[in-house]
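Everything on this sheet refers to the single structure shown next.
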Amino acid sequence: MTTILAIDTATEACSVALSYQGQVFQHSEVIPREHAQRLLPMIEQVLQAANCQLSEVEAIAFGRGPGAFTGVRIAVGMVQGLAFALACPVLPVSNLAALAQRAYREQGATEVAAAIDARMNEVYWGCYQLQQGEMRLVGTEAVLAPEQVSLPAAFNSENLWAIGTGWQTFADSLAVQPTHLAQQHLPDALDILQLAQFAWQRGEQLAAEQAQPVYLRNNIATPKQAN
């Protein structure tokens with residue numbers, strides 16, 4: 001099996017996962033504003049637990065956003081540095097998709113609406129449906145006001161799972177009401193690893209310089225109030 005290292009720093013959580021010789025090793029911590037200090041030691045910890053050398057890594061997966069701008073940049077910077085050094089490809093994975101995959105892994109969810117608090121009274125929003133073990137995007141990912149979110153026509157609202165910090169922050173204003181609410185609301189490198197394995201099988205790996213963040217929002221500054 002392919003040795004893939006996965007990392008995520010797009011939210012308050014910082015996590016690392018490794019697929020090595022048919023086994024998966026992982027570590028995750030909720031450490032707001034400490035990602036830059038903790039990420040490399042966590043990578044080393046997971047490699048050591050697997051008795052794997054960094055040089056054995058064949059591809060690096062990462063949460064490419066949407067999420068916290070600083071957090072996403074930390075992941076991209078680390079991935080590019082490691083991938084260039086190892087001369088290995090990268091596998092960008094949506095953090096919204098990772099949330100949906102977590103809902104499937106932990107809850108058996110087959111239709112998921114993922115919402116991450118995007119600040120500025122908006123959410124990052126994406127809807128996913130299970131296809132052969134993989135949560136696949138239905139429609140597009142977007143940044144929206146909570147009142148503007150909607151479900152794809154094909155979704156069965158009676159079996160809808162919700163996951164992500166957006167559901168915590170905007171519980172009373174989101175235009176969609178789920179049937180089930182997941183217990184965990186942060187993405188995990190374990191699910192990024194799983195989605196990256198699907199992407200690897202499809203040949204979707206990219207060169208290191210193509211590791212880029214996806215913010216969904218172009219305007220990251222709060223607009224000034226008119227006088």
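Laid out as a table, the results:
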| read-out | value |
| --- | --- |
| Tabulated pairs, region 119-131, first assigned by the TED database to the domain that holds ASP172, second exposed (fewer than 13 other Cβ atoms within 10 Å of the Cβ) and not in a strand (DSSP E or B), C-beta under 7 angstrom, 6+ apart or interchain | MET120/THR222 |
| ARG33, sole failed condition from (1) among the basic types (Lys, Arg); (2) assigned to a loop (DSSP other than H, G, I, E, B); (3) assigned by the TED database to the domain that holds VAL123 | (3) |
| Pairs, first free of Cβ contacts under 8 Å to residues at least 12 places away in the same chain and more than 17 Å from ASP191 (Cα to Cα) in region 25-51, second surrounded by 14 or more Cβ atoms within 10 Å (Cβ to Cβ) and among the aliphatic types (A, V, I, L, M), C-beta under 9 Å, six or more apart | GLN37/ILE31 |
| Which listed residue is open to solvent by less than 40 Å² (accessible area, probe 1.4 Å), within 28 Å of ILE163 (Cα to Cα) and not acidic (Asp, Glu), from ALA75, ALA50 | ALA75 |
| Matching option when the condition is closer than 17 Å to SER94 by Cα, open to solvent by less than 20 Å² (accessible area, probe 1.4 Å) and not hydrophobic (A, V, I, L, M, F, W, C), among GLY166, GLY139 | GLY166 |
| Qualifying residue in region 1-19 (condition: at pLDDT below 95 and farther than 30 Å from VAL123 by Cβ) | yes |
| Filter result (under 14 Å from the mean Cα position of the chain (by Cα) and open to solvent by less than 10 Å² (accessible area, probe 1.4 Å)) within region 79-92 | LEU91 |
| Tally, over region 169-181, of residues that are in a loop (DSSP other than H, G, I, E, B), touching an Asp or Glu at 6+ places or on another chain (Cβ under 9 Å) and surrounded by fewer than 21 Cβ atoms within 10 Å (Cβ to Cβ) | 4 |
| Region 157-167: number of residues that are of a type outside the set (A, V, I, L, M, F, W, C), in a helix (DSSP H, G or I) and modelled with pLDDT of 95 or more | 2 |
| Scope region 1-24; condition of a type in the set (Val, Ile, Thr) and touching a residue at least 60 places away in the same chain (Cβ under 8 Å); matching residues | THR2, ILE4, ILE7, THR9, THR11, VAL16, VAL24 |
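The values are calculated or read from the model by the stated rules, or taken from the named source; none is laboratory data. This structure is a prediction, so every number in the text was calculated from the model and none was measured. Cβ: placed from backbone, ideal geometry, glycine included. Neighbour counts: every protein chain shown. Keep in mind that these areas ignore ligands, DNA and RNA; they rest on the heavy atoms of the full protein, side chains included. Shrake-Rupley method; radii C 1.70, N 1.55, O 1.52, S 1.80 Å.
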